[in-house]
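Step one of this worksheet: look at the structure below.
The values are calculated or read from the model by the stated rules, or taken from the named source; none is laboratory data. Treat the numbers as computed from the prediction; the structure is a model and nothing was measured. Because the Cβ atoms are built from the backbone with ideal geometry, glycine has one as well, and the counts that use them run over all protein chains shown.
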Amino acid sequence: MYDYIIGKVTNIKNNSIVLENNKIGYLIYVPNPYSFELGSEVKVYLYQQIKEDENSLFGFKTNEEKNLFLKLISVKGLGCKMALPILAVGSIDGIMDAIERENILYLKKFPKIGDKLAKQIILDLKGKLEFIGVGISEDEEDTLEELKEVLINLGYKEKEIKPIIARVDKSLSIEEQVKEALKLLLK
């Protein structure tokens with residue numbers, strides 16, 4: 001299993017890029033191939049799908065994007081080729097917010113996502129996307145738990161807090177995180 005690959009973008013296609021690493025060109029399906037610059041060296045986070053008749057690589061610019069993709073493909077009836085356009089069209093925050101708020105109309109705007117599949121996405125993922133970002137250290141986890149407790153003590157419900165905590169900048173001090181979280185909650 002691959003975690004990431006660093007290489008030079010040598011070709012951009014409709015739904016994929018070719019990334020050269022050690023004189024080997026890897027065909028990688030990505031949400032938005034035109035966000036990559038031809039000839040640039042990039043780090044792409046990978047998911048490898050092995051089927052009976054296919055071995056495919058799916059790539060993402062951030063670990064957060066990859067983690068959301070992995071959550072999406074865990075939904076019954078939603079495969080890799082259907083999850084990619086969701087990430088291409090929607091923002092990570094927008095997708096997570098739509099799932100948490102049960103916004104079926106937002107999810108149905110994505111290609112091949114109908115009423116039934118939108119409901120299945122919400123059923124399978126609601127409440128499970130709070131910490132979808134990059135792996136966090138124990139210190140950051142303690143800070144996030146502290147932030148959660150502060151917001152609960154201010155009268156917010158855990159259900160309201162989960163999607164907000166995921167969007168707060170983890171590099172800030174706890175005081176600044178509380179301020180940022182409150183701004184997001186008041187929007």
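State which residue pairs qualify: first residue over 14 Å from Gly39 (Cα atoms) and inside region 1-16, second residue part of a loop (DSSP other than H, G, I, E, B) in any location, beta carbons under 7 Å apart, and separation of 6 or more residues or different chains.
If the second residue must be part of a loop (DSSP other than H, G, I, E, B), the pairs left are Ser16/Val30.
Pick from region 139-153 the residues that are modelled with pLDDT of 80 or more and out of contact with any helix residue (DSSP H, G or I) (no Cβ under 9 Å at 6 or more places or on another chain): which of them is surrounded by the most Cβ atoms within 10 Å (Cβ to Cβ)?
Of all residues in region 139-153, those modelled with pLDDT of 80 or more come to 146-153.
Filter once more, keeping what is out of contact with any helix residue (DSSP H, G or I) (no Cβ under 9 Å at 6 or more places or on another chain): 149, 153.
On the way: Glu149: 11, Asn153: 8.
Looking at the filtered set, the residue picked out is Glu149.
Any idea which residue in region 74-131 is nearest to Ile50 (Cα to Cα), counting only those that are among the β-branched types (Val, Ile, Thr) and either modelled with pLDDT of 90 or more or buried (at least 20 other Cβ atoms within 10 Å of the Cβ) (or both)? Can you show your working first?
Going residue by residue through region 74-131, those that are among the β-branched types (Val, Ile, Thr) are 75, 86, 89, 92, 95, 99, 104, 113, 121-122.
In the following step, the residues that additionally are either modelled with pLDDT of 90 or more or buried (at least 20 other Cβ atoms within 10 Å of the Cβ) (or both) were identified as 75, 86, 95, 99, 104, 113, 121-122.
Working: Val75: 18, Ile86: 21, Ile95: 26, Ile99: 28, Ile104: 31, Ile113: 24, Ile121: 23, Ile122: 27 Å.
This residue is Val75.
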